[in-house]
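See structure below.
The values are calculated or read from the model by the stated rules, or taken from the named source; none is laboratory data. This structure is a prediction, so every number in the text was calculated from the model and none was measured. Cβ placement follows ideal geometry from the backbone for every residue including glycine, while neighbour counts extend to all protein chains displayed. Surface areas here come from the heavy atoms of the whole protein model, side chains and all, with no ligands, DNA or RNA. Shrake-Rupley method; radii C 1.70, N 1.55, O 1.52, S 1.80 Å.
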Amino acid sequence: FHVINGVLRTAHSLFKRYRHEFKSQTLWTEIKFVLDNFAQPLTQLLNATMELAKTHATDPNALKIIFSSLVLICKIFYSLNFQDLPEFFEDNMSTWMSHFHTLLTSDNKLLQTQDETEPGLIEQVKSQICDNIAMYAQKYDEEFQPHLPMFVTAVWNLLVNTGHSVKFALLVSNAIQFLASVAERPGYKHLFE
């Protein structure tokens, strides 16, 4: 996993520029190449990592490594989906959203930190997932619509059950941003009634 995390860190540092680059044919060509070669292995890695998280649910050292991978996987997902919704991720949306929902609604006491100011790995994962689903709600509304109600409920419950420590600031901010992006659309008013 240390090698995998090294590869993921490198990939994240390369792909995060997709969030800020202007659309161009050169950029689209590069992203298409990356998606053709990286999207399937990333999805397989997510599936395998989620299985390992279940298998090692009682081992705090293994969980730290596993969740550091999940943070990076979620960040890479954001970068690869930022410019446009890739066909691969649209076709595999159920897999990704199912895992995102599982991570958003689960809580492992072994990953909680005593530090009141720095977010732990579980907060980092949940915060990035809120970012990911907010992006989908804003940019890919039609494709994301079937998954939206379960995330509204999950994020609402997350906010209700999150403490007041400084370490939760980014998580709360991203969760509120997601709910705000959904609430501003008249078609989803019923979810908040």
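Mean-square fluctuation check for the chain, GNM, Cα pairs under 10 Å: which of T102, T26, T49 is largest?
Judging by the Gaussian network model, the answer is T26.
Rounded if a/c is under 1.5, else prolate if a/b is larger than b/c, else oblate: which is the chain, with a ≥ b ≥ c the root eigenvalues of its Cα gyration tensor?
Numbers: a/c = 1.65, a/b = 1.06, b/c = 1.55.
It is oblate, given that a/c is not under 1.5 and a/b is not larger than b/c.
Taking only DSSP H segments of four or more residues, each worth -39500 (n - 2.57), what value at 222 nm results for the chain once the sum is divided by all its residues, to the nearest 500 deg cm²/dmol? Spell out each step's value before the answer.
Values: 9 runs with 138 residues, N = 193.
Estimated from H runs of four or more residues: -23500 deg cm²/dmol.
Take the alpha-carbon centre of the stretch 136-177, take the same for the stretch 1-59, and report the distance between them in whole Å.
22 Å
Only sites in a loop by DSSP and with at most 13 other Cβ atoms within 10 Å count here; which GluC sites (Glu not before Pro) in the stretch 1-86 make the cut? Before the final figure, lay out the partial values.
Numbers: sites: E21, E30, E51; in loops: E21.
Within the stretch 1-86, the qualifying GluC sites (Glu not before Pro) (loop, at most 13 other Cβ atoms within 10 Å) are E21.
Roll a 1.4 angstrom probe over the protein heavy atoms and tell me the percent of accessible area of the chain that is carbon or sulfur. Each step should come with its number before you reach the end.
Details: 5690 of 10120 Å².
Of the solvent-accessible surface of the chain, carbon and sulfur hold 56 percent.
With label points built 7 Å along Cα→Cβ from the Cα atoms of Q145 and T102, find their separation and express it in nm.
Those two pseudo-labels are separated by 2.8 nm.
What's the extension gain from N61 to T95 if we count 0.36 nm per residue and subtract their Cα-Cα distance? The partial results should precede the final answer.
Working: separation 34, 0.36 × 34 = 12.24 nm, distance 2.64 nm.
Residue separation times 0.36 nm, minus the Cα-Cα distance, leaves 9.6 nm.
Check the straight Cα-Cα distances from K139 and name the aspartates and glutamates below 17 Å, setting aside those fewer than 8 residues away within the same chain.
The reachable aspartates and glutamates, counting only those whose Cα sits under 17 Å from K139, are E21, D84, E87, E90, D91, D131, E184.
All other residues with a Cβ under 12 Å from the Cβ of L72 taken together, and with Lys, Arg as +1 and Asp, Glu as -1, what is their net charge? Can you show the working numbers first?
On the way: positive: R9, K16, K75; negative: none.
In short, +3.
What does the charge add up to near Q40, with Lys and Arg as +1, Asp and Glu as -1, over the other residues with Cβ less than 13 Å from its Cβ?
That sum, taken over residues with Cβ under 13 Å, equals -3.
Could you give the dipole magnitude of the chain about its Cα centre, charging the beta-carbon of Lys and Arg +1 and that of Asp and Glu -1, in debye to the nearest 20?
That gives the chain a dipole magnitude of about 340 debye.
In this model, which of K23/K75; K75/K189; K109/K189; K23/K189; K23/K167; K32/K126 are farther than 31 Å apart at the alpha-carbon? Spell out each step's value before the answer.
Numbers: K23/K75 20 Å; K75/K189 29 Å; K109/K189 35 Å; K23/K189 33 Å; K23/K167 35 Å; K32/K126 28 Å.
Pairs exceeding 31 Å: K109/K189; K23/K189; K23/K167.
Quick check on the stretch 5-119: take the gyration tensor over C-alpha atoms, sort the square-rooted eigenvalues as a ≥ b ≥ c, and tell me if it's rounded (a/c under 1.5), prolate or oblate. Could the numbers behind the result be given before it?
Values: a/c = 2.29, a/b = 1.79, b/c = 1.28.
It comes out prolate by the Cα gyration axes.
For Q128, what charge total do you get from the other residues with a beta carbon under 14 Å from its beta carbon, if Lys and Arg give +1 and Asp and Glu give -1?
Details: positive: K16, R19, K75, K126; negative: E123, D131.
Every neighbour counted, the sum reads +2.
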